[in-house]
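Chemist: Would you mind keeping the following structure in view while I ask a few things?
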Amino acid sequence: MKTEPSRSASIGFDIFVAIVAVAAVMVVMSLLVSLAIFVGTLDEFAESRSSEINKQIVMNYEGYINSVIETANYIQFASFNLDLGRDAAALEAIYRSNADIKSDVVSVYLFDGSGRRLIGPQLDFGTGNDIAARPWFRSALALEQVFHFNAEPQTSIAENRDEGVIAVTKAVEFLDGGATEEGVLLIELDRQAISDLARKSNLGQGGHLLILDEAGALLYSSEPEPRAMSERSHRLAAGMYLGAERAVIGGQEMALNVNTLVHTRWRIVTVSNVNEINDARARLLGISVLILAISIALSAAAAGYVSVRISRPIGRLKETMLRIEGGDLDAPIEVSGQREISQLSHSFTSMVARIRELMASLVDEQKEKRKTELRALQNQINPHFLYNTLDSIVWLAEHKRNKDVITTVVALARFFRISISKGQTFIPVEDEIAHIENYLTIQSIRYVDRFAYDIAVPPEMLGMRMMKLILQPIVENAIYHGVGDADGRIAITGRLEDGRMAFAVSNTGYGIGEEKIREMYDIMRGGGERGGVGIRNVYQRLKLFYGDAADIRIDSVPDESTTVTVFMPAQPGQEG
Amino acid sequence: MIPTTRPRRAGRLGAAAAVRASLAALAASLAACALLGCASKEARVGLFLYNQADPYIEVFARQIRDESNSAFLAVQFDAGNSQLIQNEQIEAMIAKRPALMMINPVDRLASHALIRRLKAEDIPIIFFNREPLAEDMAIWDRCYYVGARAEQSGQMQAELAMSLFGNDPSGLNEYDRSGDGVIQVIILKGEQGHQDAELRTRELLRSFEARGFSIEILAIEVANWKRDEAYEKMGALLRSHQDRLELVASNNDAMALGAIMRMRQQGFFKDDDQSGKVDRFDDSWRPVVGIDGLVEAEESIREGYLYGTVKNDSLSMAKAMVELARRAIGGPDSGELHYRLQDEKYIWIDYQPFIR
């Protein structure tokens with residue numbers, strides 16, 4: 001059964017596409033998932049890092065503020081049982097030593113409730129009268145329990161000191177002449193300390209920190225002048241009271257973290273550069289694309305290799321099968337390739353071998369059968385002729401034509417010797433010619449020279465072999481049909497034509513019509529049953545043995561001649 | 001074949017149906033949540049403690065959790081005495097959309113930022129244990145404070161002492177060991193600069209003054225609320241004031257207990273009649289008063305060492321907080337409020353004096 005090579009794709013192509021598609025889908029999916037996880041982790045990492053930095057900075061400030069508060073508490077504690085009236089010198093010493101010990105404390109003062117200086121260094125000229133009006137003084141008395149940090153731009157109130165300071169104040173009680181009085185403790189901190197603390201932090205390129213007061217006003221920015229980012233980061237941070245946000249400031253991705261500052265109502269805002277996340281993300285994306293390309297290329301190569309390994313032996317097997325399908329049973333069968341393929345090839349090989357065996361035995365059987373048939377056909381010729389000839393001999397003997405009887409009997413003897421020819425089917429052309437000469441001899445005696453004949457066979461054909469008893473029935477036919485009138489002629493010519501032998505037997509006479517010729521062909525091919533046994537016998541024997549290589553042609557020229565030509569393969573003079 | 005395939009198919013259909021059903025249920029419950037608000041039943045409340053290592057706070061937190069049992073789910077956080085950590089915890093909790101937050105701030109001034117932050121998120125706050133500044137409380141009408149007035153503890157402590165000394169400033173009883181009409185007192189102060197320590201000390205002294213009692217402060221020692229530190233410092237104090245000492249007033253129970261331990265070693269609190277209990281009429285007995293009402297303090301009072309303490313009524317506070325929380329979450333109709341809500345913001349719980 002022959003199937004058309006369908007339009008569906010080949011095995012190799014299917015395997016290739018399947019492998020590449022699966023690999024591509026898997027790689028893309030795993031890349032997407034890992035990319036998502038990675039970017040998420042990266043974000044988390046950046047968030048936690050910026051919040052850690054923020055915490056670190058806030059802790060630095062807390063430590064600083066706590067140390068200031070401890071100083072204030074210590075001063076209060078140390079002066080607890082000291083009376084301003086009795087122990088003024090001791091109190092002065094406590095205040096002065098605390099101001100001196102800490103490098104960032106500019107000065108320490110105690111004022112009474114009206115803003116009069118009680119302890120502390122000399123005031124700067126002209127500042128003495130307005131202490132009670134200063135915001136830090138008023139707020140300390142307004143809310144007694146807590147420390148007040150005032151970061152308004154201001155310089156120290158102490159004489160000969162002009163540092164920028166932060167005023168830390170608290171309402172305190174003190175003893176004066178045995179009575180408990182209320183006053184205000186002031187510690188002036190060097191503003192520089194805040195900047196120094198900010199400098200310790202690493203917030204990345206463009207990173208800075210802001211300190212906002214409770215109203216959201218900017219108390220401090222660590223960004224160096226000119227402050228390119230502070231304005232925007234301050235605006236962003238103004239609405240934030242805790243937590244973190246991301247924003248792009250000045251083209252950089254920044255994380256804003258807000259925290260409270262201990263003992264104050266201030267907020268510290270750290271603005272740290274997390275732009276590296278963008279870089280890392282871009283780098284990761286690039287690497288992912290590269291991995292994708294490489295893995296697809298690799299899988300394509302692997303898929304190509306595998307598909308070729310599988311499909312090529314199959315393809316070769318297919319070609320072999322096609323050839324065998326076309327009839328070439330001896331085509332060599334490729335048995336290499338994967339195990340399945342070679343098993344398939346082996347099975348196919350043994351199948352072909354089996355077919356070959358079967359065919360060979362079939363051919364043998366056919367040959368045997370043909371031989372049998374051939375023999376039977378050959379055997380049909382003789383009795384008929386023998387009867388006629390013996391009839392002639394009887395007739396000759398009755399007419400006392402002894403010489404003719406001798407000639408006829410001798411020819412008959414020769415005729416039969418050749419007919420028998422040791423049981424061989426094939427005989428040299430020379431013998432076949434001799435055979436018909438004997439036959440013609442017999443017939444010419446029988447028909448008393450009512451016809452003339454002549455035989456012309458080129459000598460190179462004489463040594464060739466041919467099936468015996470082919471020409472005799474044809475010649476017999478020619479005599480019966482052609483030799484009606486006197487002067488009849490029978491010509492037997494042999495020639496070689498396109499590697500075939502052709503023997504033409506022609507007889508003079510009325511010729512035969514088209515219809516008759518068609519009828520004769522029909523008879524030859526076994527159509528009708530009547531007459532022409534001889535020529536049909538010849539035709540069937542030729543076809544039996546030579547197949548298409550042999551043929552019989554009948555030509556006729558009306559009122560002139562009829563020619564029957566027998567074609568058969570030219571066989572050299574060896575036993576065939 | 002059929003018996004094996006059929007149940008399998010039925011099973012698959014069953015699983016699909018179950019998935020569909022659960023999805024539908026989920027969608028329905030989400031829709032119900034969106035429409036009705038899930039707050040009433042599964043409301044979550046953040047409970048932020050300044051430091052769980054403080055035994056008072058630990059007990060207080062347990063009382064709050066017990067009281068809140070049915071009303072809401074309290075999720076507790078311990079800041080470990082760091083405002084930074086508490087800020088982080090609050091930030092993390094905001095993301096989980098709690099119905100309310102109960103905050104015991106580490107730094108009372110940080111309340112300013114917390115109120116502003118939670119106002120923006122519309123999450124009501126109940127502060128406790130540390131009172132934010134009044135001006136910060138005024139920022140938003142959904143922040144509350146439940147607590148005691150620190151002044152009151154000092155006043156009550158003074159009253160405990162004054163009643164022991166006979167309640168008559170001009171005629172002190174036998175506990176004025178020297179008979180000089182003046183009470184010689186050692187004061188153990190909490191943390192220097194700590195709001196409560198300052199207030200308790202000041203109110204103690206002011207109360208004596210207001211009632212006309214004469215006192216002589218032998219010493220004011222800062223022992224940072226700690227028992228061990230009080231024990232250590234009491235040693236030195238006794239060496240110089242042992243003979244004159246008539247009263248020890250401590251800012252809290254822990255320091256009072258530390259002081260008693262040292263005093264026992266120095267020959268105070270003798271059990272002369274071998275009754276197994278210390279007798280306050282014994283010559284070696286001196287009144288020690290604390291504040292807080294720790295379990296150990298109550299024990300010490302029963303054994304006769306500690307004269308009295310002023311109990312911070314944390315159970316009432318916990319009840320008040322839970323009632324207030326229920327109201328803040330569910331509106332004015334959700335349950336009665338058994339405590340006076342001053343200015344729609346403050347609930348003050350009185351201290352309770354505790355003596356044998």
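Chemist: Within the group B:GLU209, B:GLU198, B:GLU174, B:GLU221, which residue is surrounded by fewer than 15 Cβ atoms within 10 Å (Cβ to Cβ) and either within 14 Å of chain A (Cβ to nearest Cβ) or aromatic (Phe, Trp, Tyr) (or both)? Talk me through it step by step, then tell me what you get.
Modeler: Working: B:GLU198 fails: surrounded by fewer than 15 Cβ atoms within 10 Å (Cβ to Cβ); B:GLU174 fails: either within 14 Å of chain A (Cβ to nearest Cβ) or aromatic (Phe, Trp, Tyr) (or both); B:GLU221 fails: surrounded by fewer than 15 Cβ atoms within 10 Å (Cβ to Cβ).
That would be B:GLU209, the only listed residue that is surrounded by fewer than 15 Cβ atoms within 10 Å (Cβ to Cβ) and either within 14 Å of chain A (Cβ to nearest Cβ) or aromatic (Phe, Trp, Tyr) (or both).
Chemist: Filtering segment A:35-64 down to residues that are exposed (fewer than 14 other Cβ atoms within 10 Å of the Cβ) and polar (S, T, N, Q), which residue is farthest from the other protein chains (Cβ to nearest Cβ)?
Modeler: For segment A:35-64, the residue satisfying everything is A:THR41.
Chemist: Follow-up. Quick check on my filter: what residues within segment A:300-314 are surrounded by fewer than 17 Cβ atoms within 10 Å (Cβ to Cβ) and in contact (Cβ under 8 Å) with a residue 12 or more places away in the chain?
Modeler: A:ALA300, A:ALA302, A:GLY304, A:VAL306, A:VAL308, A:ARG309, A:ARG312
Chemist: Check segment A:216-228 and report whether any residue there is closer than 22 Å to A:ILE57 by Cα, away from every other protein chain (no Cβ under 14 Å), without any contact (Cβ under 8 Å) to a residue 40 or more places away in the chain and part of a strand (DSSP E or B).
Modeler: Yes, that holds for at least one residue.
Chemist: So, in segment B:106-142, of the ones that are over 20 Å from A:TRP266 (Cα atoms) and away from chain A (no Cβ under 13 Å), which residue ends up surrounded by the most Cβ atoms within 10 Å (Cβ to Cβ)?
Modeler: Among those residues, the one meeting the criterion is B:PHE128.
Chemist: Among the residues of segment A:207-230, are any at positive phi and buried (at least 17 other Cβ atoms within 10 Å of the Cβ)? Walk me through how you get there before you give the answer.
Modeler: Pass one, segment A:207-230, residues at positive phi: A:216.
Pick out the ones that are also buried (at least 17 other Cβ atoms within 10 Å of the Cβ) and you get none.
No, the conditions are met nowhere in segment A:207-230.
Chemist: Taking segment B:152-199, which residues are over 18 Å from the mean Cα position of the chain (by Cα), assigned to a loop (DSSP other than H, G, I, E, B) and small (Gly, Ala, Ser)?
Modeler: B:GLY166, B:SER170, B:GLY171, B:SER178, B:GLY179, B:GLY181, B:GLY193 - these are the residues of segment B:152-199 that are over 18 Å from the mean Cα position of the chain (by Cα), assigned to a loop (DSSP other than H, G, I, E, B) and small (Gly, Ala, Ser).
Chemist: Within segment A:173-188, how many residues are away from chain B (no Cβ under 14 Å) and either of a type in the set (A, V, I, L, M) or assigned to a strand (DSSP E or B) (or both)? Give the steps one after another, and end with the answer.
Modeler: Taking segment A:173-188 first, the residues away from chain B (no Cβ under 14 Å) are A:176-177, A:183-184, A:186, A:188.
Filter again for either of a type in the set (A, V, I, L, M) or assigned to a strand (DSSP E or B) (or both), leaving A:176, A:183-184, A:186, A:188.
So the count comes out to 5.
Chemist: Examine segment A:65-76 for a residue that is within 14 Å of chain B (Cβ to nearest Cβ), under 20 Å from A:ARG267 (Cβ atoms) and surrounded by fewer than 16 Cβ atoms within 10 Å (Cβ to Cβ), and state whether such a residue exists. If you could, list the steps in order and put the result at the bottom.
Modeler: Here is the first cut: in segment A:65-76, the ones within 14 Å of chain B (Cβ to nearest Cβ) are A:65-76.
With the extra rule that they be under 20 Å from A:ARG267 (Cβ atoms), the set shrinks to A:65-66, A:68-69.
Among the residues that remain, those that are also surrounded by fewer than 16 Cβ atoms within 10 Å (Cβ to Cβ) are: A:66.
Within segment A:65-76, one or more residues are within 14 Å of chain B (Cβ to nearest Cβ), under 20 Å from A:ARG267 (Cβ atoms) and surrounded by fewer than 16 Cβ atoms within 10 Å (Cβ to Cβ).
Chemist: Being at pLDDT below 90, surrounded by fewer than 21 Cβ atoms within 10 Å (Cβ to Cβ) and in contact with a strand residue (DSSP E or B) (Cβ under 8 Å, 6 or more places away or on another chain) narrows it down to one residue among A:PHE416, A:PHE426, A:PHE451; which is it? Spell out the reasoning first.
Modeler: Values: A:PHE416 fails: in contact with a strand residue (DSSP E or B) (Cβ under 8 Å, 6 or more places away or on another chain); A:PHE451 fails: surrounded by fewer than 21 Cβ atoms within 10 Å (Cβ to Cβ).
Step by step, each of A:PHE416, A:PHE426, A:PHE451 is checked, and only A:PHE426 is at pLDDT below 90, surrounded by fewer than 21 Cβ atoms within 10 Å (Cβ to Cβ) and in contact with a strand residue (DSSP E or B) (Cβ under 8 Å, 6 or more places away or on another chain).
Chemist: How many residues are surrounded by fewer than 18 Cβ atoms within 10 Å (Cβ to Cβ) and either within 60 Å of the chain's Cα centre (by Cα) or not in a loop (DSSP other than H, G, I, E, B) (or both) when one looks only at segment A:113-138?
Modeler: Within segment A:113-138, the subset surrounded by fewer than 18 Cβ atoms within 10 Å (Cβ to Cβ) is A:113-114, A:116-117, A:122-130, A:132-133, A:135, A:138.
Then drop every residue that is not either within 60 Å of the chain's Cα centre (by Cα) or not in a loop (DSSP other than H, G, I, E, B) (or both), which leaves A:117, A:123, A:128-130, A:132-133, A:135, A:138.
Qualifying residue count, segment A:113-138: 9.
Chemist: Something else about it: Collect the residues in segment A:93-110 that are assigned to a helix (DSSP H, G or I) and either within 11 Å of chain B (Cβ to nearest Cβ) or within 22 Å of A:GLU163 (Cα to Cα) (or both), keeping them in residue-number order. Explain how you work it out, then say what you get.
Modeler: Within segment A:93-110, the subset assigned to a helix (DSSP H, G or I) is A:93-101.
The answer is A:TYR95, A:ARG96, A:SER97, A:ASN98, A:ALA99, A:ASP100, A:ILE101.
Chemist: Is it true that some residue in segment A:366-373 is surrounded by fewer than 17 Cβ atoms within 10 Å (Cβ to Cβ) and touching a Ser or Thr at 6+ places or on another chain (Cβ under 8 Å)?
Modeler: Going through segment A:366-373, the residues surrounded by fewer than 17 Cβ atoms within 10 Å (Cβ to Cβ) turn out to be A:366-373.
Still in the running and touching a Ser or Thr at 6+ places or on another chain (Cβ under 8 Å): A:371.
Yes: one or more hits.
Chemist: Could you tell me whether segment B:229-239 includes any residue that is in contact with a helix residue (DSSP H, G or I) (Cβ under 9 Å, 6 or more places away or on another chain) and assigned to a loop (DSSP other than H, G, I, E, B)? Can you show your working first?
Modeler: Step one: filter segment B:229-239 for residues in contact with a helix residue (DSSP H, G or I) (Cβ under 9 Å, 6 or more places away or on another chain), giving B:229-235, B:237-238.
Add one more test, that the residue is assigned to a loop (DSSP other than H, G, I, E, B), and what stays is none.
No: zero hits.
Chemist: Related question: Could you look through segment B:88-105, keep only residues that are touching a Gly at 6+ places or on another chain (Cβ under 8 Å) and facing chain A (nearest Cβ under 9 Å), and pick out the one that is surrounded by the most Cβ atoms within 10 Å (Cβ to Cβ)?
Modeler: By that ranking, first place goes to B:ILE90.
Chemist: How about segment A:237-264: which of its residues are at the interface with another protein chain (Cβ under 10 Å from one of its Cβ atoms), in contact with a strand residue (DSSP E or B) (Cβ under 9 Å, 6 or more places away or on another chain) and either assigned to a loop (DSSP other than H, G, I, E, B) or of a type in the set (Val, Ile, Thr) (or both)?
Modeler: A:MET240, A:TYR241, A:LEU242, A:VAL258, A:THR260, A:LEU261, A:HIS263, A:THR264
Chemist: Would segment A:513-533 turn up any residue that is surrounded by 13 or more Cβ atoms within 10 Å (Cβ to Cβ), modelled with pLDDT under 85 and of a type in the set (Val, Ile, Thr)?
Modeler: Within segment A:513-533, one or more residues are surrounded by 13 or more Cβ atoms within 10 Å (Cβ to Cβ), modelled with pLDDT under 85 and of a type in the set (Val, Ile, Thr).
Chemist: Filter segment B:91-113 down to the residues that are within 20 Å of the chain's Cα centre (by Cα) and either assigned to a strand (DSSP E or B) or within 25 Å of A:ALA217 (Cα to Cα) (or both) and list them by number.
Modeler: Step one: of segment B:91-113, the residues within 20 Å of the chain's Cα centre (by Cα) are B:100-111.
Result: B:LEU100, B:MET101, B:MET102, B:ILE103, B:PRO105, B:VAL106, B:ASP107, B:ARG108, B:LEU109, B:ALA110, B:SER111.
Chemist: Also: Being part of a helix (DSSP H, G or I) and of a type in the set (Asp, Glu) is the filter here; which residues of segment A:322-374 pass it? Explain how you work it out, then say what you get.
Modeler: Going residue by residue through segment A:322-374, those that are part of a helix (DSSP H, G or I) are A:322-325, A:339-374.
Within segment A:322-374, A:GLU325, A:GLU340, A:GLU357, A:ASP364, A:GLU365, A:GLU368, A:GLU373 meet the criteria.
Chemist: Further question on the same structure: Within segment A:239-287, which residues are under 13 Å from A:GLY207 (Cα atoms) and without any contact (Cβ under 8 Å) to a residue 24 or more places away in the chain?
Modeler: Of everything in segment A:239-287, those that are under 13 Å from A:GLY207 (Cα atoms) and without any contact (Cβ under 8 Å) to a residue 24 or more places away in the chain turn out to be A:ALA247, A:VAL248, A:GLY251, A:LEU256.
Chemist: Still on this structure, I have one more. In segment B:64-87, what count of residues is obtained for those that are more than 11 Å from every other protein chain (Cβ to nearest Cβ) and crowded, with 18+ Cβ neighbours inside 10 Å?
Modeler: Total meeting the criteria: 9.
The values are calculated or read from the model by the stated rules, or taken from the named source; none is laboratory data. None of the values given here were measured: they were computed from a predicted structure. Virtual Cβ from ideal backbone geometry, glycine too; neighbours counted across all protein chains shown.
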